């Protein structure tokens with residue numbers, strides 16, 4: 001693609017045209033990727049409990065998935081920086097497809113260890129889905145950055161809500177082709193992730209990140225950007241933004257990963273579990289454009305605080321009424337909404353914290369931190385559930401929201417002191 005002089009009217013017009021195409025391709029890829037992840041995430045917890053023989057290990061499903069996403073986050077970001085978003089997103093989707101096939105094999109041979117490896121590979125799909133939200137910001141203007149990011153996050157709703165409701169049809173398909181029980185949905189996951197890889201490979205031409213770098217005269221193949229850890233050490237705004245996203249994600253994963261087990265232990269059918277998780281996922285994604293619009297209009301910080309308020313409300317419900325099916329549904333919806341507001345606003349802060357040459361590195365480190373925090377939250381959740389129940393889990397995770405609120409208040413106070421000194 002021939003680029004106009006950076007900053008010229010023709011360059012702005014060209015970038016706007018490419019941006020519209022990019023958003024459309026990312027939306028299509030996210031729908032498919034959402035089906036791939038949504039069809040298998042909750043089943044992973046149930047299969048982990050089945051193959052291990054103990055519900056205490058059920059949290060390992062979310063742990064391994066988020067750990068897998070964490071492990072590939074930085075390599076995918078480096079691939080994006082050097083070869084573009086197209087190759088990076090397609091690679092993550094294909095690795096997830098291989099994980100879906102391996103999960104079926106794990107259940108067939110009754111191997112818990114193999115299932116954990118499969119769930120790690122499926123995590124690559126989550127990493128690609130997360131990176132797609134940043135791909136939406138590569139060519140966007142500051143005025144619409146949160147909105148563009150949130151549209152891509154929202155598009156996951158369709159696939160992610162549909163995915164858990166494929167449990168039943170998946171069993172029908174699985175039985176028809178001779179698969180073990182509770183593995184048929186992985187067939188849908190395999191097909192969806194391969195479809196997502198195809199969409200990214202064909203559709204992201206020209207590549208948004210390479211186009212953005214080229215417009216600034218940067219040769220992506222020759223550039224040597226700073227590492228994400230170095231950026232976070234030197235940049236206070238980056239540290240805060242990464243913490244908001246990581247801690248909010250840890251809170252969501254800890255409670256969501258144990259929800260299927262809690263519901264099943266209180267008599268919920270597999271269909272009810274799938275519907276409940278669908279409502280939670282709808283909360284995560286359906287209103288993200290609203291939060292993006294609010295973040296652009298009101299600012300990132302008010303939306304972060306609103307997200308934490310919703311997370312705390314959900315945790316209060318889990319603490320006080322975790323044995324109520326209605327309270328679980330309402331709490332999981334609030335949990336999803338709080339995650340959405342916090343991650344949309346926090347991701348916009350990440351995209352704005354550094355120049356374009358360092359953006360992919362910081363985004364990769366953020367996704368690494370986000371998924372590592374989620375993996376720790378999922379691993380701890382199973383143990384906490386066994387020790388103090390779901391209500392105790394809700395109470396304990398309030399600490400994470402408290403950290404974000406306290407940090408936000410401290411930053412605001414520091415900014416006010418700095419402003420007062422300038423006026424003196």
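Observations on the model:
- Filter result for residue 127 (over 19 Å from the mean Cα position of the chain (by Cα) and either at pLDDT below 90 or under 20 Å from residue 99 (Cα atoms) (or both)): no
- Residue match in the range 293-304 (condition: assigned to a helix (DSSP H, G or I), at pLDDT 95 or above, under 15 Å from the mean Cα position of the chain (by Cα) and closer than 22 Å to residue 237 by Cα): no
- Taking (1) at pLDDT below 90; (2) assigned to a helix (DSSP H, G or I) in turn, residue 183 satisfies each apart from (2).
- Selection of helices (runs of 4 or more DSSP H) fully inside the range 309-424 by the criterion of at least 1 residues being at pLDDT below 90, in contact with a helix residue (DSSP H, G or I) (Cβ under 8 Å, 6 or more places away or on another chain) and closer than 14 Å to residue 250 by Cα returns 356-396.
- Listed conditions (1) over 15 Å from the mean Cα position of the chain (by Cα); (2) more than 30 Å from residue 354 (Cβ to Cβ) are all met by residue 256, apart from (1).
- As a summary of the residue check, residue 113 satisfies the conditions (1) more than 17 Å from the chain's Cα centre (by Cα); (2) over 30 Å from residue 214 (Cβ atoms); (3) buried (at least 24 other Cβ atoms within 10 Å of the Cβ) except for the one numbered (3).
- Criterion applied to 407, 339 was being within 23 Å of residue 149 (Cβ to Cβ) and surrounded by fewer than 17 Cβ atoms within 10 Å (Cβ to Cβ), and the one residue passing it is 407.
- Total residues in the range 58-86, condition surrounded by 21 or more Cβ atoms within 10 Å (Cβ to Cβ) and either modelled with pLDDT under 90 or touching a strand residue (DSSP E or B) at 6+ places or on another chain (Cβ under 7 Å) (or both): 14
- The residues on offer are 114, 130, 139, 166, and the sole one that is touching a helix residue (DSSP H, G or I) at 6+ places or on another chain (Cβ under 6 Å) and not in a helix (DSSP H, G or I) is 139.
- Exclusive hit being at pLDDT below 85 and surrounded by fewer than 23 Cβ atoms within 10 Å (Cβ to Cβ), set 163, 159, 203, 168: 168
- Residue among 243, 214 that is assigned to a helix (DSSP H, G or I), surrounded by fewer than 23 Cβ atoms within 10 Å (Cβ to Cβ) and modelled with pLDDT of 95 or more: 243
- Tabulated pairs, the range 46-66, first free of Cβ contacts under 8 Å to residues at least 12 places away in the same chain and at negative phi, second surrounded by fewer than 24 Cβ atoms within 10 Å (Cβ to Cβ) and in a helix (DSSP H, G or I), C-beta under 9 angstrom, 6+ apart or interchain: 54/386
- Index of the failed condition, residue 284 passing every other in (1) touching a residue at least 24 places away in the same chain (Cβ under 8 Å); (2) under 21 Å from the mean Cα position of the chain (by Cα); (3) surrounded by fewer than 18 Cβ atoms within 10 Å (Cβ to Cβ): (3)
- Of the residues 389, 396, the single one that is out of contact with any strand residue (DSSP E or B) (no Cβ under 9 Å at 6 or more places or on another chain), surrounded by fewer than 24 Cβ atoms within 10 Å (Cβ to Cβ) and free of Cβ contacts under 8 Å to residues at least 40 places away in the same chain is 396.
The values are calculated or read from the model by the stated rules, or taken from the named source; none is laboratory data. The model shown is predicted, which means the values in this text are computed figures rather than measured ones. Because the Cβ atoms are built from the backbone with ideal geometry, glycine has one as well, and the counts that use them run over all protein chains shown.
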